[in-house]
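The values are calculated or read from the model by the stated rules, or taken from the named source; none is laboratory data. Just so it is clear, the structure is predicted and the values come from calculations on it, not from any experiment. Heads up, the Cβs are rebuilt from the backbone with ideal geometry, glycines too, and the neighbour counts pull from every protein chain shown.
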Ligand code: GLU
């Protein structure tokens with residue numbers, strides 16, 4: 001389908017999120033008033049806050065929490081620590097969370113947070129102080145019934161534990177459901193750590209099945225080897241696929257016969273980076289080259305704007321499964337579509353994380369915990385159902401999967417808004 005609504009090429013994530021929304025709004029013939037509501041975030045908080053560093057100096061950091069929409073439930077979405085964090089990125093990520101939660105039909109709105117910082121430059125103590133102070137600064141917004149953060153790029157289960165503890169100290173009692181993605185020992189959920197990667201591998205398998213591709217014969221390239229990329233590579237390998245290349249910030253690692261993913265995961269666990277990893281027959285490639293390697297399934301699982309007009313015509317994958325949020329620009333999307341490359345969009349492909357976050361939140365509220373099998377089964381059901389629903393609509397209306405996913409998600413949020421009415 002020609003996406004005539006794309007007026008100009010941009011790499012501003014918020015403009016991209018709005019362009020994607022506009023395409024769906026046009027196709028849905030969405031009422032002008034509803035468009036005005038859903039095109040912008042409902043709440044935005046910017047905080048500049050001091051942190052005492054180990055050397056005694058005081059540094060001031062900037063952070064954000066944006067709630068795009070809370071019509072279908074409490075705001076939900078991760079917190080990112082990265083030097084490139086900015087308000088438009090956080091706005092986009094918050095909007096994508098709204099659609100993601102609506103698409104898999106969990107009772108949440110969308111939010112995102114971020115701090116402009118490279119966490120690798122901080123000591124553990126500095127990281128803890130920064131996290132606790134940021135949690136205090138945004139505590140007017142967050143809470144189990146209001147807004148529930150989770151890990152994202154540069155944060156992890158330990159950071160979530162500190163946020164939970166900080167909010168709990170303020171309140172004077174333990175509040176497990178204020179964040180998800182916590183360590184198992186402090187009210188985390190079994191299966192949460194691998195959930196995004198598990199979801200990615202499930203939709204990759206479903207996409208392969210649809211295209212008549214045997215997953216056990218498939219070759220896979222994964223960009224990013226963090227929580228999402230690492231687990232995606234591992235799960236696809238467990239399904240029998242051959243993972244020929246992965247990368248992290250140190251660059252790409254390629255082996256045409258398949259990499260030893262368990263060894264790489266262990267290496268990263270020990271060294272925090274793939275830098276220095278070696279196995280016989282290994283070739284080094286850049287992150288750019290990695291995206292252009294011939295493969296059946298490409299999983300961009302790092303940051304935004306990786307597949308753009310600059311490289312979209314050189315992508316040699318049959319299927320792209322977006323583990324990251326926003327890895328493909330709208331202009332690149334069109335090129336991939338025209339070239340017959342099957343793209344499973346972020347709001348569907350990486351929704352396994354927030355889905356198990358929802359399970360964790362429910363368990364925390366009830367103080368009643370489920371088995372890992374139960375969690376994985378429920379996740380599998382939701383991913384398979386959501387993929388089928390999006391694929392059916394895409395085939396029926398001859399749309400890209402992204403557009404079909406947006407149609408389902410935006411309609412759910414728009415309908416909820418209409419039924420609730422506009423206050424006052
Ligand atoms: N940061 C993840 C995402 O982008 C997870 C969000 C969550 O679990 O709330 O989907």
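Where residues in segment 327-350 are part of a helix (DSSP H, G or I) and within 15 Å of the ligand (Cβ to nearest atom), which of them is surrounded by the fewest Cβ atoms within 10 Å (Cβ to Cβ)?
The residue in question is 346.
What is the residue count in segment 269-313 for residues that are buried (at least 18 other Cβ atoms within 10 Å of the Cβ) and either in contact with a strand residue (DSSP E or B) (Cβ under 7 Å, 6 or more places away or on another chain) or closer than 19 Å to residue 237 by Cα (or both)?
Counting residues in segment 269-313 that are buried (at least 18 other Cβ atoms within 10 Å of the Cβ) and either in contact with a strand residue (DSSP E or B) (Cβ under 7 Å, 6 or more places away or on another chain) or closer than 19 Å to residue 237 by Cα (or both) gives 15.
Of the numbered conditions (1) within 15 Å of the ligand (Cβ to nearest atom); (2) in a loop (DSSP other than H, G, I, E, B); (3) out of contact with any strand residue (DSSP E or B) (no Cβ under 7 Å at 6 or more places or on another chain); (4) over 15 Å from residue 356 (Cα atoms), residue 153 fails exactly one; give the number of that condition.
Only one criterion in (1) within 15 Å of the ligand (Cβ to nearest atom); (2) in a loop (DSSP other than H, G, I, E, B); (3) out of contact with any strand residue (DSSP E or B) (no Cβ under 7 Å at 6 or more places or on another chain); (4) over 15 Å from residue 356 (Cα atoms) is unmet by residue 153, namely (3).
So which residues in segment 157-192 are in contact with a strand residue (DSSP E or B) (Cβ under 7 Å, 6 or more places away or on another chain), assigned to a loop (DSSP other than H, G, I, E, B) and more than 18 Å from residue 368 (Cα to Cα)?
Passing the criteria: none in range.
Exactly one condition in (1) more than 10 Å from the ligand (Cβ to nearest atom); (2) farther than 16 Å from residue 130 by Cβ is not met by residue 165; state its number.
Of the numbered conditions (1) more than 10 Å from the ligand (Cβ to nearest atom); (2) farther than 16 Å from residue 130 by Cβ, the odd one out for residue 165 is (2).
Quick one: how many residues across segment 108-126 are away from the ligand (no atom under 16 Å from the Cβ) and assigned to a helix (DSSP H, G or I)? Working first, answer last.
Step one: filter segment 108-126 for residues away from the ligand (no atom under 16 Å from the Cβ), giving 116-118, 120-126.
Checking which are assigned to a helix (DSSP H, G or I) leaves us with 120-121, 124-126.
Residues meeting the conditions: 5.
Restricting segment 316-326 to residues that are without any contact (Cβ under 8 Å) to a residue 60 or more places away in the chain and buried (at least 24 other Cβ atoms within 10 Å of the Cβ), which is nearest to the ligand (Cβ to nearest atom)?
Residues of segment 316-326 that are without any contact (Cβ under 8 Å) to a residue 60 or more places away in the chain, as a first pass: 316, 320, 322.
The next check asks that each one be buried (at least 24 other Cβ atoms within 10 Å of the Cβ); those that pass are 320, 322.
Details: 320: 17, 322: 11 Å.
Across segment 316-326, the extreme among qualifying residues is 322.
Quick one: is residue 353 in a helix (DSSP H, G or I), more than 20 Å from the chain's Cα centre (by Cα) and within 22 Å of residue 177 (Cβ to Cβ)?
Values: in a helix (DSSP H, G or I): yes; more than 20 Å from the chain's Cα centre (by Cα): no; within 22 Å of residue 177 (Cβ to Cβ): yes.
Taking the combined requirement at face value, the residue does not satisfy it.
Identify the single condition in (1) more than 18 Å from residue 203 (Cβ to Cβ); (2) in a helix (DSSP H, G or I); (3) away from the ligand (no atom under 16 Å from the Cβ) that residue 380 does not satisfy, given that it satisfies every other one.
(1)
Does residue 196 qualify as being assigned to a helix (DSSP H, G or I), closer than 19 Å to residue 370 by Cβ, at pLDDT 95 or above and within 22 Å of the chain's Cα centre (by Cα)?
Answer is yes for this residue.
Inside segment 18-77, can you point out the residues that are part of a loop (DSSP other than H, G, I, E, B) and crowded, with 17+ Cβ neighbours inside 10 Å?
30, 41, 42, 70, 71, 72, 73, 74, 77
Counting only residues that are within 22 Å of the chain's Cα centre (by Cα) and part of a helix (DSSP H, G or I), how many does segment 395-424 have? Before you say what the answer is, go through the steps one by one.
Applying the first criterion (within 22 Å of the chain's Cα centre (by Cα)) to segment 395-424 yields 400-413.
Still in the running and part of a helix (DSSP H, G or I): 401-413.
Result for segment 395-424: 13.
Examine segment 194-207 for a residue that is more than 15 Å from the ligand (Cβ to nearest atom), more than 23 Å from residue 98 (Cα to Cα) and without any contact (Cβ under 8 Å) to a residue 40 or more places away in the chain, and state whether such a residue exists.
Yes, segment 194-207 contains a residue that is more than 15 Å from the ligand (Cβ to nearest atom), more than 23 Å from residue 98 (Cα to Cα) and without any contact (Cβ under 8 Å) to a residue 40 or more places away in the chain.
Failed condition for residue 170, given (1) more than 13 Å from the ligand (Cβ to nearest atom); (2) under 27 Å from residue 233 (Cα atoms); (3) over 17 Å from the mean Cα position of the chain (by Cα), with all others met?
Of (1) more than 13 Å from the ligand (Cβ to nearest atom); (2) under 27 Å from residue 233 (Cα atoms); (3) over 17 Å from the mean Cα position of the chain (by Cα), only one is false for residue 170: (2).
Before we move on, is residue 153 closer than 25 Å to residue 366 by Cα, under 21 Å from the mean Cα position of the chain (by Cα) and crowded, with 18+ Cβ neighbours inside 10 Å?
no
Is it true that residue 373 is surrounded by fewer than 20 Cβ atoms within 10 Å (Cβ to Cβ) and in a helix (DSSP H, G or I)?
yes
On the given criteria, is residue 202 under 28 Å from residue 379 (Cβ atoms), assigned to a helix (DSSP H, G or I) and under 19 Å from the mean Cα position of the chain (by Cα)?
yes
Could you please tell me which pairs satisfy a Cβ distance under 6 Å, a separation of 6+ or placement on different chains, a first residue in segment 356-372 that is under 14 Å from residue 175 (Cβ atoms), and a second residue that is in a helix (DSSP H, G or I)?
360/192; 361/177; 364/176; 364/177; 365/177
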